[in-house]
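First comes the structure, then the notes that go with it.
The values are calculated or read from the model by the stated rules, or taken from the named source; none is laboratory data. This structure is a prediction, so every number in the text was calculated from the model and none was measured. Here the Cβ is made from the backbone with ideal geometry for all residues, glycine too, and neighbour counts use every protein chain on show. The protein model used for the area step is the full one, side chains on, heavy atoms only, and it has no ligands, DNA or RNA in it. Shrake-Rupley method; radii C 1.70, N 1.55, O 1.52, S 1.80 Å.
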Amino acid sequence: MTKKQFIRRFLSQAQELASEFYTAPYRGTMAKAGQDEDDILMLFVFAELMGIPNPVAYQTLELQPLLLERFHSWHRRMGMSHSPLDHIRCC
Amino acid sequence: MSATYLAAGGLIAFIAGYLLYSEFIARRVFRLDPGYRTPAHRLQDGIDYVPTNRFVLWGHHFTSVAGAAPIIGPAVAIIWGWGPAFAWVIVGTIFFAGVHDLGAIWTSVRHDARSIGSFTGDLVGKRAQNLLMIVIFLLLLMVNAVFAVAIAKSFINTPSSVLPAWSAIVVALILGQLIYRYRAGLLWPSLGGLAALYFFLYLGPAFPVSLPDHVLGLVPNAQWIIIMFAYAAIASMLPVWMLLQPRDYINGLQLFIGLGILYLSVFISNPEIVVPAFNQDPPEGTPPIFPLLFVTIACGAISGFHSLVGSGTTSKQINCETDARLVGYGGSVGEGLLALATIVVVTSGYTSLDEWKTVYTRFGDGGITAFVNGGAAIVSSGIGLSREFSATLLAVMAILFAGTTMDTGVRLQRYIVQEWGQDYGIPVLTNHVVATFIAVGTCMILAFGAGGSSGTGGMTIWPLFGTTNQLLAGLCLLVISLYLLKLGRPFWFTLLPMTFLLMTTILALFQQLGSLINEAKWVLVVMDTLILGAAIMIALEAIGAFLRKYRKAGSESEAKS
């Protein structure tokens, strides 16, 4: 291993340790904050399907297929153990 | 005697404690199993439960438990001479704190990494769980009040620390933005941040800041306390990535650098200890060494706060059960190192016993100021930094620890108040601002009630903080002992420390109650009574739960035979 490679490896390891040291204790807090923001978006997209009048339904319609993957974890978080929608059978 | 012997003796004891005693505890008592699937693997979700490198985890545990408290406690307790403080820090770290931290993590790992509050309900009972919540709330209240008073005092005694301490916030804010918004790698921003911090430290002595003598009838001490609480209120409402996370990170780096500088300076300058091992002639009004020593030094010997960190976050990230030994026991040894360094600098950083006595004029004096002055003398003679710069460096280190703890403390208190609002159906309490206001307000009443307003109160409240902390540690040791009993393992190694802690805590509370009534400090009398009530109830819970479990275990073994 050349000197340059050695230094590069050392720096990348230091980088990795530092970022673990920075992020690890707050991973949960950040993820929860992210979910809170996501939940509002999910509501905008799926509200109409659940019978809640939604003024932006037309605008968010095309987001539905993109957010389908997240639908399952969202309805679980919202306290529904099974999908509330007949045509989305995620569980 | 040379301070090097003290430092070296302590280091050797810690190393021996880690290699021998923690090995014994891990192998024979907790029987850590490398094959056990930890919650980090079993419940892995990429968020809370993530297997994490043990050295990273050790760094976290260490930096989140070691803060301003292991500096203030020993620096106050040295009033009885260096002998008792040294002995308690060494014995406490090896036989109490290490076992307590390791045990808290292990018990939590074996209970799906739930927090101590949640499995206390299972192992001891619902009443104990409620008691635990009360003790935690009191602890948070006390920690915020005591640190606001400590920071105010440091700002006044070391005016050069004001500029760097506040600019550290700016540095943290910039670091937070760089990493969160621009996804910058961590290495260079953190080096840049540290460089900026040290640049401000260098500027600090040139621009000392002092507040005016009277604003609205308030002396500078009271003004600083109000400013600190205003800061804590605002900081605790910001998202964590913005200020708390980068601050925590910088503090962690500071802790490693500061500890390195302190030990290096002690070994190079080889100062003489000027304080006697047992101070035969303590200032008037100094309370008796027994039981007060054991609550004056809580963090640095044993502190229940660690169990909250250990069982809340650390246990969710333990990769392999045997890592708990390095993380838990090693983490508390790290805190012991900081306490030991404090003892060394406050006993040998002064030229004569008479000079030392001018700092320690009464019980509760000393604290961060003694650490800063003593440490500055040693650092400047050890590695040749200017005395002013060294004093600023150490003061800022302690202030940053205390400030970050206040941020976290107020945040946690707000969560508790909001939870109460939800549980009891009082919607106004669930509001962010209202809850924060209540959290800060109660802490402020305590800080001012303790005599912080005039700046004359010293650290009267400190031993009270220590008792609450020990109480939590006692409760945690009880939970660990009960779990050991349930598994049919030897439980004396956790039960004896628990008995000792609960006993000294209750005695200390009675002793303090007497002196607080004499001094007519009614806010503190109320606090003391509350804590005393909780302590006695916990002791009763402990006895009851133990007898129940013991009888059950006995009858089961009889039935088997």
- Message: For region A:3-77, compute the orientation-averaged projected area of the C-alpha convex hull (one quarter of its surface), in nm².
- Response: 7.7
- Complex-versus-alone comparison for region B:313-343, residues with a loss of 20 Å² or more in accessible area, probe 1.4 Å: B:Gln317
- Phi to ³J(HN,Hα) by Karplus 6.51 cos²θ - 1.76 cosθ + 1.60 over region B:323-330, Hz, x for Gly, Pro: 5, 4, 5, 5, 5, x, 5, x
- Message: Given a 1.4 Å probe and heavy atoms of the protein chains only, how would you sort B:Arg183, B:Arg548, B:Arg27, A:Arg70, largest accessible area at the top?
- Response: B:Arg183, B:Arg27, B:Arg548, A:Arg70
- When the label point is put 7 Å from the Cα of B:Val433 along its Cα-to-beta-carbon vector, which residues of region B:403-427 have a backbone N closer than 20 Å? B:410-419, B:421-422, B:426-427
- Query: Going by average Cβ neighbours within 10 Å, how do the peptides B:337-349, B:244-256, A:4-16 rank, with the highest at the top?
  - Reply: B:337-349, B:244-256, A:4-16
- Item | Net charge contributed by nearby residues that have their C-beta within less than 13 Å of B:Val309 (K/R +1, D/E -1) | -2
- Message: Just to be sure I follow: if Rg is taken over the C-alpha atoms of region B:81-228 and Rh is the Kirkwood radius over the same atoms, what is Rg/Rh?
- Response: 1.09
- Item | Amide H contacts under 5 Å for B:Thr52, placed H, 5+ residues apart | B:Asn319
- Item | Diffusion constant of region B:161-219 at 20 °C, which comes from Stokes-Einstein with the Kirkwood Cα-pair radius and 1.002 mPa s, µm²/s | 164
- In whole percent, what relative contact order does chain A give with Cα contacts below 8 Å and a gap of six or more residues? 17
- Task: Averaging sequence separations of C-alpha pairs under 8 Å and six or more residues apart, then dividing by the length of region B:44-169, give the relative contact order as a whole percent.
- Result: 7
- With the convex hull built on the Cα atoms of region A:35-91, state its orientation-averaged projected area in nm². 3.8
- Message: From the mean inverse distance of alpha carbon pairs (Kirkwood) and the Cα radius of gyration, derive Rg over Rh for region B:192-350.
- Response: 1.01
- Area buried, chain A against chain B - accessible surface, total, 1.4 angstrom probe, square angstrom: 2100
- Quote the relative contact order of chain B in percent (integer), defining contacts as alpha-carbon pairs under 8 Å separated by 6+ residues. 29
- Quote the FRET efficiency, to the nearest 0.05, computed for B:Trp188 versus B:Ile383 with a Förster distance R0 of 25 Å and r equal to the Cβ-Cβ distance. 0.45
- Message: Quick check: the angle from helix B:187-203's long axis to the longest principal axis of chain B, C-alpha only, nearest 10 degrees?
- Response: 40
- Message: Give me a comma-separated list of calculated 3J(HN,Hα) values for region B:279-287, in order, Karplus coefficients 6.51, -1.76, 1.60 applied at θ = phi - 60°, integers in Hz, x for any Gly or Pro.
- Response: 6, 6, 10, x, x, 5, x, 6, x
- Query: Does anyone have the angle between helix B:432-447 and the longest principal axis of chain B? Alpha-carbon axes, 0 to 90°, nearest 10?
  - Reply: 70
- Item | From phi via Karplus (6.51, -1.76, 1.60), per-residue ³J(HN,Hα) for region B:260-277 in Hz, x at Gly/Pro | x, 4, 4, 5, 4, 5, 4, 5, 6, 7, 6, x, 8, 7, 9, 8, x, 4
- Task: Report Rg (one decimal) and Dmax (nearest whole number) for the protein assembly as shown, counting Cα atoms only, units Å.
- Result: 25.5, 84
- Query: Roughly speaking, to the nearest percent, how much of the protein assembly as shown's 1.4 Å accessible area is carbon and sulfur?
  - Reply: 65
- Query: Within the protein assembly as shown, how many Lys pairs sit with Cα atoms under 23 Å apart, leaving out pairs fewer than 8 places apart on the same chain?
  - Reply: 12
- Query: Among B:Leu203, B:Leu243, B:Ile151, whose Cα lies farthest out toward the positive end of the dipole of chain B, if unit charges sit on the beta carbon of Lys, Arg (+1) and Asp, Glu (-1)?
  - Reply: B:Leu243
- Message: Just to be sure I understand the model, the point goes 7 Å from the Cα along the line to the Cβ. What's the resulting B:Gln177 to A:Glu16 distance in nm?
- Response: 3.2
- Message: Roughly how far apart, in whole Å, are the Cα centres of region B:500-561 and region B:389-411?
- Response: 33
- Message: Using alpha carbons only, how many angstrom separate the centre of region B:147-222 from the centre of region B:7-25?
- Response: 36
- Provide B:Trp420, B:Trp80 ordered by accessible surface of protein heavy atoms (probe 1.4 Å), highest first. B:Trp420, B:Trp80
- Message: With every atom except the alpha carbons ignored, what do you get for Rg and Dmax of chain B, in angstroms?
- Response: 22.7, 79
- Taking the simple approach of a point 7 Å from Cα along Cα-to-Cβ for both B:Leu547 and B:Arg127, what is their distance in nm? 1.2
- Would you mind checking which residues have amide H under 5 Å from B:Gly366's amide H? H placed 1.01 Å from N; only 5 or more apart, or other chain. none
- Message: Using only Cα atoms and rounding to the nearest 10 degrees, what angle (0 to 90) does helix B:462-487 make with the longest principal axis of chain B?
- Response: 20
